[in-house]
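These notes are about the structure you will find just below.
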Amino acid sequence: MSQDNPPQNNDISMVDVCDADRQQQQNNETDSAGLSHTLSQMNIDGPDEFEDNENPDRMTVPRNKSTLIFEDDDDDEIPPYSRHQENVSDTNLSEDDDDDESVDSSHHVVSSSATPHVGQDQYKSKSDFSENSQRPQQQYSSNTGTSNTNSNPASKSNMVPVDITWQQGGDKVYVTGSFTGWRKMIGLVPVPDQPGLLHVKLQLPPGTHRFRFIVDNELRFSDFLPTATDQMGNFVNYLEVVAPPTTVDENIGGNLPNQTADSSNYQQDMGAGKPIYKQDNQAQTKQPMSARSRIAFEIEKEPDDLGDGFTRFHEEKPLKQDVEYTQDIPAVFTDPTVMEQYYLTLDQQQNNHQNMAWLTPPQLPPHLENVILNSYSGSGSDNENTSGALPIPNHVVLNHLATSSIKHNTLCVASIVRYKSKYVTQILYAPLQ
Amino acid sequence: MNYQNEEEIKALIENQNVGLAAIRRMLGSKTSYDMLPVSFKLVVFDTTLSVKRALNLLLQHNIVSAPLWDAKTSKFAGLLTTGDFINIIKYYFSNPDRLEIVDTMTLGGLEELERTIGAPSMDTISIHPSKPLFDACLKMLESRSGRIPLIDQDEGTNREIVVSVLTQYRILKFIALNCRETHLLQIPISELGIISTDNIHSCQMTTPVIDVIDCLTQEKLSSIPIVDENGVLINVYEAVDVLGLIKGGIYNDLSLSVGETLLRRSENFEGVCTCTPNDKLSNIMNTVRRASVHRFFVVDDNYKLLGVLSLSDILKYLLLGGSTNSPL
């Protein structure tokens, strides 16, 4: 918990990036190299690193520069439709041979046996962690570009406890789904005091999961959970697991007795979560405290002079402690003359290493390059897909307007929006007038 | 049929009714929204798009229909289907001097053209996605194109949004894949009264394609079976084939024979699905599950054409048929 500082917490939002990036990793390795390259190019302070990473092939792709573009099928070649874009997109019981899915299933045995007690969630995830760690590691290590800040403690909090229930009869009820690669069945147990209700608590990574129930050897779906058809046309239940907000984690962490034993660490923890350190004391008094933390707190309040020439040891606080958040936009972003001056200065500082590099607009954020329309082939081979099913989009691309290059005087725009709990990708063709 | 005894027949009917009831229960308890994939695409054409361009885009997306959007009124403006293209061909054939009009016409102008040739205008019926599937299916049966757009209102702007388009095939495949009870449908289709056997229009390989197209519009059919001189089924001309025929804008090809135009058919052509009068709906649904079928031609053991079983016939039976007045 003590390593739970803000940069890591921010990584919760990266999880989806990882998911979406997984498809890239499948394609080739240069893609992930390209990602890190993209990031470093945006980083003005690090031009050297940029040069090292430079990949000429990547640079020559002009379309990825600053607009969200998807490829119109028209006389362009279409990348083959990739089947593993969400956590697991395949419902076929036998065909799946993805590596991380098998890891997935092994972890499930662990979580289903864990006690579903709300108050113990923290401990549980901690104890689960040693077994679970295998999966996050695999997932993240392959995404060097975006997520190497993800260390193990952070990924632990990425797993979200999800209660799956069944209330439509049957003796032996199992659940199987994309989270086990559709290969493993997880048994449900009766909920005490609630006859007819069975459940199982799973630890699932954020994302969209599809599943079905096996009730007395019959494949069924629940009428009480959201449903959808998959790309093959099978009717399945699905749920979207959202990463918990980071603040919740911190509050719980602060209340844990074992955390407070080490008072200096404790203070750091609390401080890291707040924008301004001075508020520490107030924040602490607001928290309900265990006896031990109260003692630690009392000690903290005693005078620094301990007598006999001893003074209390203070851990050095970070230099940035007086940082404050503001809503004012720095002039460098609003005033063109200031901006120019700023960049000219940058140029001089860097000894003309990257002459006028700032004139090039920054590249599109990497996740926006993952236009799901590009990974989908609507033609020919897959007659199975009659409903136009697409991979689950990364939420980052929602409500963006994508376009293809104008051909035959026709403008083609596309936009992915939420429709209730589903995603509609509308492609509109209109002539240029 | 020769059944061993009355009891067997009784059990057969009972099973069939249990199966039908289960299917209807499923369709009644789920909405169109429930059936949508979690993420899917929808191709929409602006009404100012040219017909020619729209045709190429349909072929490019490998679809045969698309909802139209009127940007001026921000409203759904109908469903573009193969029927509209057939109307254009008909118009051009009777007014060959107006090629230019046909070539530059927009989708919005289609309506006027269809009015001049007396063709029924575009399908504009639609249904809300949160209505039960059963209702959507019933309404779909009213449409000529065998499909129905799902239309909702945007909460923010109160404007219409086209969410998706349901087709008969999609519904039937959904039933075939997800209702195990379809295996209970064991009564031979010949006894259900759902096969059209009277007045079956057919053509031969040498028939001019324009005659076939004419027949498609006259009889409001989606396909014409092609038979040899002995009445043996050898192929089919589908309304969808019209798209390929006029793809290059070459309306001169209308003098070709059906056989010649079929040479241009894409290699992905699924083939012709047949069944015999003794087949049961359970077998039929198995085929629906495996292949994209748009109709079954009913043939005898020598492939002599006996009748047609369309998807709407099947759907209509699943929704409304059977039960009390079983013909057995």
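The values are calculated or read from the model by the stated rules, or taken from the named source; none is laboratory data. All values derive from a computational prediction rather than experimental measurement. Counting neighbours? That spans all protein chains shown, and the Cβs are built from the backbone with ideal geometry, glycine included. Surface areas here come from the heavy atoms of the whole protein model, side chains and all, with no ligands, DNA or RNA. Shrake-Rupley method; radii C 1.70, N 1.55, O 1.52, S 1.80 Å.
Within the range B:52-71, does at least one residue satisfy the condition of being closer than 18 Å to residue B:168 by Cα, touching a Ser or Thr at 6+ places or on another chain (Cβ under 7 Å) and open to solvent by less than 50 Å² (accessible area, probe 1.4 Å)? Yes, the range B:52-71 contains a residue that is closer than 18 Å to residue B:168 by Cα, touching a Ser or Thr at 6+ places or on another chain (Cβ under 7 Å) and open to solvent by less than 50 Å² (accessible area, probe 1.4 Å).
Can you spot a residue in the range B:174-187 that is crowded, with 20+ Cβ neighbours inside 10 Å, within 14 Å of chain A (Cβ to nearest Cβ), within 16 Å of the chain's Cα centre (by Cα) and not polar (S, T, N, Q)? Checked the range B:174-187: at least one residue is crowded, with 20+ Cβ neighbours inside 10 Å, within 14 Å of chain A (Cβ to nearest Cβ), within 16 Å of the chain's Cα centre (by Cα) and not polar (S, T, N, Q). Quick test for you: out of B:107, B:59, B:113, B:99, pick the one residue that is among the aliphatic types (A, V, I, L, M) and closer than 24 Å to residue B:171 by Cα. Exactly one of B:107, B:59, B:113, B:99 is among the aliphatic types (A, V, I, L, M) and closer than 24 Å to residue B:171 by Cα, namely B:59. For the range B:289-322, filtering for residues that are over 17 Å from residue B:188 (Cβ atoms), of a type outside the set (Lys, Arg) and open to solvent by less than 50 Å² (accessible area, probe 1.4 Å) leaves 9. Within the range B:27-46, restricting attention to residues that are open to solvent by 10 Å² or more (accessible area, probe 1.4 Å) and more than 9 Å from chain A (Cβ to nearest Cβ), the residue that is nearest to residue A:410 (Cα to Cα) is B:31. Cβ separations smaller than 8 Å between residues 6+ apart or across chains give the following pairs from the range B:259-271 residues that are within 14 Å of chain A (Cβ to nearest Cβ) to residues that are in a helix (DSSP H, G or I): B:265/B:241; B:265/B:244; B:266/B:244. Within the range B:87-135, the set of residues being assigned to a helix (DSSP H, G or I), farther than 21 Å from residue B:69 by Cα and within 14 Å of chain A (Cβ to nearest Cβ) comprises just one member, B:133.
Residue count for the range B:47-83 under the criterion of being in a helix (DSSP H, G or I), facing chain A (nearest Cβ under 7 Å) and either in contact with a strand residue (DSSP E or B) (Cβ under 8 Å, 6 or more places away or on another chain) or of a type in the set (Ser, Thr, Tyr) (or both): the result is 3.
When A:379, A:387, A:405 are checked against the criterion of being surrounded by 18 or more Cβ atoms within 10 Å (Cβ to Cβ) and either at pLDDT below 85 or more than 11 Å from chain B (Cβ to nearest Cβ) (or both), a single residue qualifies: A:387. Close contacts from the range B:277-303, counting a first residue that is at negative phi and away from every other protein chain (no Cβ under 14 Å) and a second that is assigned to a helix (DSSP H, G or I) and aliphatic (A, V, I, L, M), with Cβ to Cβ under 6 Å and a gap of 6+ residues or different chains, come to B:279/B:189. Restrict the check to the range A:210-233 and report whether at least one residue is away from chain B (no Cβ under 14 Å), within 27 Å of residue A:388 (Cα to Cα) and not in a strand (DSSP E or B). No - not one qualifying residue is present in the range A:210-233.
Of all residues in the range B:136-164, those satisfying the criterion of being away from chain A (no Cβ under 12 Å) and of a type in the set (Gly, Ala, Ser) are B:136, B:143, B:145, B:146.
Checked against the criterion of being at pLDDT below 90 and surrounded by fewer than 19 Cβ atoms within 10 Å (Cβ to Cβ), the range A:196-206 contains one or more residues that satisfy it. For the range B:190-211, state whether one or more residues are out of contact with any helix residue (DSSP H, G or I) (no Cβ under 6 Å at 6 or more places or on another chain), without any contact (Cβ under 8 Å) to a residue 24 or more places away in the chain and part of a helix (DSSP H, G or I). Yes, the range B:190-211 contains at least one residue that is out of contact with any helix residue (DSSP H, G or I) (no Cβ under 6 Å at 6 or more places or on another chain), without any contact (Cβ under 8 Å) to a residue 24 or more places away in the chain and part of a helix (DSSP H, G or I).
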